[in-house]
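Colleague: Before I ask anything, let me first share the structure, which is written out below as structure tokens.
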Amino acid sequence: MSQELGITADKQKNPSEWYTQVVQKADLADYAPVKGCMVIKPYGMKLWESIRDTFDEKIEGEVEPVYFPMFIPESLLDKEEEIVEGFGLEVAWIEEEEEKDTEERIALRPTSESIISDYMGKWIRSHRDLPFRINQWANIVRWEVSDTRPFLRTREFLWQEGHTAHKNDENASEETMKRLEQYREVVEDHLGIPSLLGYKPEHDKFPGAKFTTTIETLMPDGKSIQSGTSHNLGQHFAEAFDITYEDADAEEQTCYTTSWGISTRLIGALIMAHGDNDGLRLPPSIAPVQVVVVPIYQEDNQDEVVGYAEDAEFEINQRTELDDRDHRTPGYKFNEWELKGVPLRLEVGPNEMEDETVTAVRRDTGEQEEIPFDELDERVAELMDEIQESMYNELEDYLHENIREAESKQEILGTIGKNRGYVKTRWCGKESCEEEIKDQVAAEIVVLPFQEDSKPATLQEEDEHIDGECAVCGEDAKRWAYFAKNY
């Protein structure tokens, strides 16, 4: 592989440089003129569109699409003070040099709960309007960020955010958990990344939420990525923005609301989780090109071999591309499509043409096999399923191997210091105990796992003592907690 095309950084030794090279050399994104922002290139957008389409299919028929402006007046943010406090300096304000056309400051949305709640209050009138469900795909601006990297952490990013209103807390909790489960399906089934689901600690929940649920994914460098969140907002926002309805007895009632979202950070997780020193490795479900057919010919047999390759492409009922560029060598093409993570490469040359076969090479394992031409479509379809399953299982094994239990503070510190991944331990529920760990090894509680056989509930309802003591302070433990370093 040429220096220009290939990945020169080692993923294990220099993951940051490796990641940057993959993003740029695989044509996913480029750096924007404004620091901390990115330009998403066509190949990267196809990944995001695939995530969007997959999730839209899950909510179709239940949730209505909308779009709200990215400009939010300060008065709306001030209605929910916890929003401003929660996002702090990340809120970007418009500074006008010339004569103002408004009497108050305008923010670029850090999230949309305030403006959408305001309109929910206007649109919802009767119990017949409930449940009320809307969703938008939009951009978000959070200005105060450090260590920016395309997809993983940028000042502007793309995301999906759903907002709902319900008659009671039970319905709001069911909604919260349903959307989290749909995120799990996107992450695990579509992206091929195993996950951990649970709650965020009380001090780390979404500002103003009753409780926040999260889906966490473990990266090869041992850090955790928050890959999606779903929030039961209780009546907090409904009370602030007067989201009420008239019940069947003509009595006014206050709604219960939720919000839930995923972002282009999922693409960052996809790159980190599956990539190797040759570039991307994409699960077939999300790969823009699932199969690339590469003809290998000499000048005297070019037409025959390319014709055979075209026939092979026609046989396959997958997202397939024929690479018949005559100004690139087969080796260059192999390397380029490996860099882009295409799950399966089909090589056809004079030998394959004579034997009426195709040589298939898997991107995930490098294994190759000869496929009879008349079995091509069936076998390629089987390989798509095998590759998808294999890539998921590889990461699932890694996840299970990197969850370790600790019984004391020293065990937590030592385990995090020496190993990658999650440390599972008993926790009393006090933020101060988490801070002790965070101050020493820069790890925090990323998820509180759901208790088995528990119905959707608030943290408080599940805060029953478990056997044992908090590993940090020695008081009675209330929950299991997973510590990890995170993005």
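Colleague: Given the residues Thr359, Thr365, which is the only one that is crowded, with 18+ Cβ neighbours inside 10 Å, polar (S, T, N, Q) and outside any helix (DSSP H, G or I)?
Modeller: Details: Thr365 fails: crowded, with 18+ Cβ neighbours inside 10 Å.
On inspection, the qualifying residue turns out to be Thr359.
Colleague: Let me ask something additional. Among Gln290, Gln226, which is polar (S, T, N, Q) and farther than 23 Å from Val63 by Cβ?
Modeller: Gln290
Colleague: Another question about this same structure. Quick check, is Ile83 in contact with a Ser or Thr (Cβ under 8 Å, 6 or more places away or on another chain), crowded, with 17+ Cβ neighbours inside 10 Å and either at pLDDT below 90 or among the small types (Gly, Ala, Ser) (or both)?
Modeller: yes
Colleague: Keeping to segment 413-444, report how many residues are in contact with a strand residue (DSSP E or B) (Cβ under 8 Å, 6 or more places away or on another chain) and within 15 Å of Ala477 (Cα to Cα).
Modeller: Final tally of qualifying residues: 8.
Colleague: So, one more: What number goes with the only condition from (1) modelled with pLDDT of 95 or more; (2) more than 30 Å from Ser16 (Cα to Cα) that Glu336 does not pass?
Modeller: Answer for Glu336: the failing condition is (2).
Colleague: Still on this structure, please answer the following. Which residue is farthest from Leu5 (Cα to Cα), if the candidates are limited to segment 18-47 and must be hydrophobic (A, V, I, L, M, F, W, C) and surrounded by fewer than 18 Cβ atoms within 10 Å (Cβ to Cβ)?
Modeller: Val34
Colleague: Just checking, which of Ser195, Ser224 is out of contact with any helix residue (DSSP H, G or I) (no Cβ under 8 Å at 6 or more places or on another chain), surrounded by 22 or more Cβ atoms within 10 Å (Cβ to Cβ) and among the hydroxyl-bearing types (Ser, Thr, Tyr)?
Modeller: Working: Ser195 fails: out of contact with any helix residue (DSSP H, G or I) (no Cβ under 8 Å at 6 or more places or on another chain).
After applying the criteria, what remains is Ser224.
Colleague: Here is a follow-up. Find the residue count for segment 226-280, including only residues that are within 21 Å of Phe206 (Cβ to Cβ), of a type in the set (D, E, K, R) and over 27 Å from the mean Cα position of the chain (by Cα).
Modeller: Step one: filter segment 226-280 for residues within 21 Å of Phe206 (Cβ to Cβ), giving 226-243, 254-266, 268-269.
Still in the running and of a type in the set (D, E, K, R): 239, 242, 265.
Retained after the next criterion (residues that are over 27 Å from the mean Cα position of the chain (by Cα)): 239, 242.
The number of residues fulfilling the criteria is 2.
Colleague: Only one of (1) more than 30 Å from Ser195 (Cα to Cα); (2) touching a Phe, Trp or Tyr at 6+ places or on another chain (Cβ under 7 Å) is not met by Asp303, so which one is it?
Modeller: It fails just one condition, (2).
Colleague: Starting from segment 149-168, keep only residues that are of a type in the set (Val, Ile, Thr), then list their pairs with residues that are assigned to a strand (DSSP E or B) whose Cβ atoms are within a distance under 7 Å, requiring at least 6 positions of separation or different chains.
Modeller: Final answer for the pair search is Thr154/Met38; Thr164/Phe132; Thr164/Arg133; Thr164/Thr257; Thr164/Thr258.
The values are calculated or read from the model by the stated rules, or taken from the named source; none is laboratory data. Computed from a prediction, not measured in an experiment: that's the story for all the values here. Please note: Cβ atoms are built from the backbone with ideal geometry, for glycine as well, and neighbour counts cover all protein chains shown.
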